[in-house]
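Presented below is the structure to which this report refers.
Each reported figure results from applying straightforward, stated rules to the coordinates on display, with no laboratory input. What you see is a predicted model, and the numbers here were worked out from it, not measured in a lab. Cβ placement follows ideal geometry from the backbone for every residue including glycine, while neighbour counts extend to all protein chains displayed.
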Amino acid sequence: MKNLKDLVRPNIWALKPYSSARDEYKGFEASVFLDANESAYNNGINRYPDPLQLKVKTQLAEIKGVDAENIFLGNGSDEAIDLVYRVFCEPGKDNVVAISPTYGMYEVCADINNVEYRSVSLSSEFYLKSQDILDATDNNTKAIFVCSPNNPTGNAFPTEQIDYILQNFEGIVVVDEAYIDYSPFDSYRFRLKDFPNLIVLQTFSKAWGAAALRLGIAFASKQIIDLYNKVKYPYNVNFLTQQRALEVMAGKDDVARQISETVRERERLSKKLSSLACVKHVFTSDANFILARVDDACEKYDTLVRKGIIVRNRHRVQLCQDCLRITIGLPEENDILIAELEKI
Ligand SMILES: *Cc1c(COP(=O)(O)O)cnc(C)c1O
């Protein structure tokens, strides 16, 4: 990896962050708080929240087996993705490289930040071409995005292929693990010590069952987390989200059962789909959705919509011609989908 200083935008490296009242006095044991111009009338939400979400991070650190200082929490993964650009990429000069097809937010954030976005096609079977990705980089490439398990293809990439990118690229490598809980592969969050250039993204939006909270996670070196904290909005995760996140984590045994059921249903649905006449191919999935190639995805999509069943039509996405992306539902919802497809 290059020196961190050479990867970070000079204005961000020099930035003196906003210092809030809660940054300047961190204790909670005082009894009279007259420093933040909040209303003094207690209604449960009159005080500013903890800007660094320490309670949430402490509990998450224990669950994830990672130190709290290696965790950033944001307003969805979207914030953690946007910060890759705002911290590392000089608009109009730097670029990032990502795979295609993949999650759309990497490109949207690049466009918003006026950063060149280079995409490298997966193979037609959705294999990662690590050397092609490295070949697409140049001196102005600040980050590579790899989503594994990948959205919308569903497959996770072999560890050696992601390691190869991490070992041979001098900039930041972002591994988006939004779907890791459904995957047999190990998380890269355990590899932070091997790779100082690694940022691992996870989220409360999928397996944790809390998409409405808007809580995304980045795991990285303390140096990178410090930069993220310097640039984020001072109170980027609101009090109600922090409070509910603690409750969600307390229910982790329920979540584990839901994950097992979803994985079982994924295998059941994959088999069923493969047996249907209108389905040409079901791709292997390590996530909570299945990508399936059908004959005439647009027509099948419309037919399902008329029955009140909404899947995602990925026909226009690179390499995904005539593919539908189907999220695994409750067993009875999956039965309804199967029953409708059998009639077609
Ligand atoms: C769903 C998803 C996310 C989650 O985004 P949030 O902003 O945390 O809801 C992140 N990455 C990928 C690839 C996803 O599919």
Worksheet item: Which of the aspartates and glutamates could be linked to LYS222 by a straight reach, that is with a Cα gap under 15 Å, when you skip same-chain ones fewer than 8 residues away?
Response: ASP67, GLU69, ASP194
Response to the item:
Here region 200-209 yields Karplus 3J(HN,Hα) values (6.51, -1.76, 1.60; θ = phi - 60°; whole Hz; Gly and Pro given as x) of 9, 9, 9, 7, 8, 7, 10, 4, 6, x
Practice prompt. Specify the residue with the greatest mean-square fluctuation among CYS278, CYS320, CYS89, computed from a Gaussian network of the chain linking alpha-carbon atoms under 10 Å apart.
Written response: CYS278
Worksheet, complete the sentence: With +1 at each Lys and Arg Cβ and -1 at each Asp and Glu Cβ, the charge dipole magnitude of region 14-82 around its Cα centre, to the nearest 20 debye, comes out at 120
Worksheet, complete the sentence: Low-density loop trypsin sites (Lys or Arg not before Pro), region 168-233, at most 14 other Cβ within 10 Å, DSSP non-H/G/I/E/B, are LYS193
Discussion item. For region 246-297 and region 148-217, what is the centre-to-centre distance using only Cα atoms, to the nearest Å?
Written reply: 19
Fill in: Whole-Hz couplings from phi, Karplus 6.51/-1.76/1.60, listed for region 63-75; x for Gly and Pro
5, 8, x, 9, 5, 4, 6, 9, 10, 10, 10, x, 6
Worksheet item: Using r as the Cβ-Cβ distance of LEU54 and GLU332, and R0 as 45 Å, what FRET efficiency do you calculate, to the nearest 0.05?
Response: 0.65
Worksheet entry | Magnitude of the charge dipole, the chain, Cβ model with Lys/Arg +1 and Asp/Glu -1, debye to 20 | 220
Worksheet item: By how many degrees, 0 to 90 and rounded to 10, does the Cα axis of helix 76-88 deviate from the longest principal axis of the chain?
Response: 60
Discussion item. Looking only at Cβ-Cβ distances, which cysteines of the chain have no other cysteine closer than 4.7 Å?
Written reply: CYS89, CYS109, CYS147, CYS278, CYS298
Discussion item. If a paramagnetic tag sat 7 Å from the Cα of ASN139 along the Cα-Cβ line, which residues of region 77-105 would have the backbone N under 15 Å from that point?
Written reply: 93-95
Practice prompt. Could you work out how far helix 222-231 tilts from the main Cα principal axis of the chain, as a 0 to 90 degree angle to the nearest 10?
Written response: 80
Worksheet entry | Residues with amide H under 5 Å from that of ILE144, placed H, sequence gap 5 or more | VAL97, ILE172, VAL173, VAL174
Practice prompt. Springs between alpha-carbon atoms under 10 Å, Gaussian network over the chain: tell me which of SER187, SER260, SER77 tops the mean-square fluctuations.
Written response: SER260
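Restricting to Cα pairs below 8 Å that are 6+ residues apart, what does the relative contact order work out to for the chain? Please round to a whole percent.
17
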Discussion item. Run the numbers for TYR235 and TYR41: contour at 0.36 nm per residue of separation, minus the present Cα-Cα distance, in nm.
Written reply: 67.8 nm
Response to the item:
Helix 331-343: inclination vs the chain longest Cα principal axis, degrees, rounded to 10, gives 30
Fill in: Packing-based exposure ordering (other Cβ within 10 Å, fewest first) of ARG268, ARG22, ARG257
ARG257, ARG268, ARG22
Worksheet item: What residues qualify as long-range amide H neighbours of ARG314, i.e. H under 5 Å apart, gap of 5 or more or another chain, H built at 1.01 Å from N?
Response: CYS323, LEU324, ARG325
Worksheet item: What is the fewest-to-most order of THR203, THR241 by other Cβ atoms lying within 10 Å of their Cβ?
Response: THR241, THR203
Fill in: Dipole moment magnitude, nearest 20 debye, region 194-261 about Cα centre, only Lys, Arg, Asp, Glu C-beta charged
260
Worksheet item: Mind checking which lysines have their C-alpha under 18 Å from LYS343, skipping anything on the same chain fewer than 8 residues away?
Response: LYS271, LYS272, LYS280, LYS300, LYS307
Fill in: Shape category assigned to the chain from the gyration tensor of Cα positions, a/c cut at 1.5
oblate
Discussion item. Using amide H atoms built in the peptide plane, which far-off residues or other-chain residues are under 5 Å from SER119 H to H?
Written reply: ALA98
